[in-house]
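Structure record follows, encoded as structure tokens.
The values are calculated or read from the model by the stated rules, or taken from the named source; none is laboratory data. Note that the structure is a prediction, hence the values are computed from the model and not measured. So basically every Cβ, Gly included, is an ideal-geometry build from the backbone, and we count neighbours across all protein chains shown.
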Amino acid sequence: MNKSIKSAQGGFTLIELIVVIVILGILAATALPRFTNLSGDARLASLNAARGALSATAAMAHGRHVLTPLVEQNIEGAAVQMNMASGYPAIVNTAGAQATDGLMQAAGLAQDYSVITAGAATATRPLVATGSIAIVPRNIEGTATAVTCFLTYTPAIANNTAPVIALRNNIAAADCQ
């Protein structure tokens, strides 16, 4: 009762393995440029989210101001300086100092974004009009990309007029690469 069992060895030859590796390399080379361009899309989406957060925070602060008109409103645990004439968050307090820290904290943007005050444009700083601020992602602050990838907050001036919170004109994902 001796049975001989023949086992056939199966597997890939060296040539087959090399062909598969070459094909995977070609596919990777064509797909890689698509994935490297996603950083601009991600930053643009992040700026749109920041714009929404600022709009919601400004509306919430205005609602609280309508109920209880105070110079400083407590929004999400942050002290937001208010413009008493418009009832919306201010960017400069009554002493003339920068007042955006509370607004940025209340909107949940303090960790990831930087505030740039009014001033002339440079190679690494966007042009910011007087009376406005620019909000730039921290990971591009001080780079040439910051000049084209930002949003602005222009506080309301008249009573019951909302602030203008907008992305830079004609911004595209390529501007945020």
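Quick rundown of the values:
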quantity: Positions within the range 59-111 being assigned to a helix (DSSP H, G or I) and more than 26 Å from the chain's Cα centre (by Cα), in sequence order; calculated: Arg64, His65, Val66, Leu67
quantity: Some residue of the range 26-46 being hydrophobic (A, V, I, L, M, F, W, C), outside any helix (DSSP H, G or I) and out of contact with any Leu (no Cβ under 8 Å at 6 or more places or on another chain); calculated: no
quantity: Candidates Asn160, Asn139 - the one that is more than 16 Å from Ala50 (Cβ to Cβ) and surrounded by fewer than 22 Cβ atoms within 10 Å (Cβ to Cβ); calculated: Asn160
quantity: Failed item, numbered, when Ile157 is tested on (1) outside any strand (DSSP E or B); (2) at pLDDT 95 or above; calculated: (2)
quantity: Single residue of the range 123-136 satisfying the filter (in contact with a helix residue (DSSP H, G or I) (Cβ under 7 Å, 6 or more places away or on another chain) and in a loop (DSSP other than H, G, I, E, B)) that is surrounded by the fewest Cβ atoms within 10 Å (Cβ to Cβ); calculated: Ala123
